[in-house]
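First up is the structure itself, then whatever we jot down about it.
The values are calculated or read from the model by the stated rules, or taken from the named source; none is laboratory data. Owing to the predicted nature of the structure, the values given are computational and were not obtained by experimental measurement. Ideal geometry is used to build each Cβ from the backbone, glycine not excepted, and the neighbour counts take in all protein chains shown. In case anyone asks, the SASA skips ligands and DNA or RNA and just uses the protein heavy atoms, side chains included. Shrake-Rupley method; radii C 1.70, N 1.55, O 1.52, S 1.80 Å.
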Amino acid sequence: MKEMKIIGLTGGIGSGKTTLAKWFAEKNIPVYNSDDEAKKLINENPEIIEKLSQLFGKETYKKGVYNSKFVASQVFNDKELLEKLNQIVHPVVFKDFDDWVQNQKAPFLVKEAAILFESGSYKDCDLIISVVADQEIRIQRVLNRDGSSAEEIRKRMKTQWKDEQRIEFSDYVIPNNLGLEELREEFERVYNELLKRFESS
Ligand code: ATP
């Protein structure tokens, strides 16, 4: 059986990953959203629930719902604890992704993840796309999108890689400082290149 090609799609908070992922999905390219799936697994996977409850105590789940604010406050400024959290969650998400891949059929698949590099999951990808935009533009977009404060957004940015780091390890870089029309043009260009590259392989 031909091995499925996996495209990693990454970028910092508010960079435009989900917008691009939606356009891939509209072209019938299967997309795995690692952040969404990780959230689901943290709430539903018995192994994760047990291990996180052991690590962080009773407050980890409030009435069965993961208390992300509490856990974030615990790991903030504690790299070792954050590492332990990741060691519990990431392997389960990686396995879930592998199972998902087995059920897909397409010229290539997209794995969307904000922390593709930070989590190590870039290693499973055949090729990586980063979407990049200036920090202040990203903050403004997220402010318009949801109820986060600028301070919260900056805090999350600090835990993520910088665009310069992502660019260094990416095969394609999609700039997103302009409007959605310009982003769409970049997307079509990269999409067509990917099709050429993988349809015949
Ligand atoms: P997160 O990591 O926070 O999930 P993301 O990288 O998935 O963010 P999107 O959700 O795609 O980013 O984009 C952030 C917001 O900015 C969305 O509301 C989206 O519609 C908007 N947006 C993205 N690109 C542009 C653009 N070029 N012009 C205007 N708005 C945009």
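Return the carbon/sulfur percentage of the accessible area of region 35-103, one whole number, probe 1.4 Å, all protein chains in place.
On the way: 2410 of 4750 Å².
Carbon and sulfur atoms account for 51 percent of the accessible area of region 35-103.
Run the quick spin-label model on K105 and D36: label points 7 Å from Cα toward the beta carbon, then report their separation in nm to one decimal.
2.3 nm
Explain nothing, just the number: dipole magnitude of the chain about its Cα centre with +1 on each Lys and Arg Cβ and -1 on each Asp and Glu Cβ, in debye rounded to the nearest 20.
Details: 31 positive and 35 negative charges, 89 e Å.
Taking the Cα centre of the chain as origin, the dipole is about 420 debye.
With the other protein chains left in place, how much accessible area per residue, in square angstrom, belongs to the chain at a 1.4 angstrom probe? Numbers along the way, then the final one.
Numbers: 11870 Å² over 201 residues.
The answer is 59 Å² per residue.
Using every pair of alpha-carbon atoms in the chain, split the distances into 5 Å bins beginning at 0 and state the percent of pairs per bin, rounded to integers.
1, 7, 15, 18, 19, 17, 12, 8, 4, 1, 0
Based on DSSP H runs of at least 4 residues, each adding -39500 (n - 2.57), what is the mean residue ellipticity at 222 nm of the chain after dividing by all its residues, to the nearest 500 deg cm²/dmol? Numbers along the way, then the final one.
Values: 9 runs with 111 residues, N = 201.
Estimated from H runs of four or more residues: -17500 deg cm²/dmol.
Filter the DSSP H helices in the chain by two things, a Kyte-Doolittle mean of at least -1.0 and an axial alpha-carbon span of 30 angstrom or more, and list the hits by number. The partial results should precede the final answer.
On the way: long enough: 79-102 (34 Å, -0.30).
The qualifying helices are 79-102.
If I take R0 = 41 Å and measure r between the Cβ atoms of K5 and E59 in this structure, what FRET efficiency does the formula 1/(1 + (r/R0)^6) give, to the nearest 0.05? Walk me through the numbers on the way to the answer.
Details: r = 42 Å, r/R0 = 1.03.
Efficiency, rounded to the nearest 0.05: 0.45.
Two decimals is fine: what is log10 I(q)/I(0) at q = 0.14, 0.16, 0.17, 0.20 Å⁻¹ for region 1-108, from a Debye sum with one equal scatterer on every Cα and no solvent?
For region 1-108, the Cα-only Debye profile gives -0.69, -0.85, -0.92, -1.10.
Relative contact order for the chain using alpha-carbon pairs under 8 Å, separation at least 6, rounded to a whole percent?
Details: 245 pairs, mean separation 71.6, N = 201.
In percent, rounded to a whole number, it is 36.
For E118 and K84, calculate 0.36 nm times their separation in residues minus their Cα-Cα distance, and state this gained length in nm to one decimal. Walk me through the numbers on the way to the answer.
On the way: separation 34, 0.36 × 34 = 12.24 nm, distance 1.41 nm.
Length gained between E118 and K84: 10.8 nm.
Just going by the charge dipole of the chain, with Lys and Arg at +1 and Asp and Glu at -1 on Cβ, which of L41, N103, Y191 is farthest out on the positive end?
Of the options given, the answer is L41.
Mind listing the phi-derived Karplus ³J(HN,Hα) values for region 108-120, rounded to whole Hz, using 6.51, -1.76 and 1.60 with θ = phi - 60°, and x for any glycine or proline?
So the J values, rounded to whole Hz, are 7, 10, 10, 10, 8, 7, 5, 10, 4, 6, 4, 7, x.
Would you rank T60, T19 by solvent-accessible area, highest first, keeping every protein chain in place and using a 1.4 Å probe?
Details: T60 0, T19 45 Å².
Final ranking, largest accessible area leading: T19, T60.
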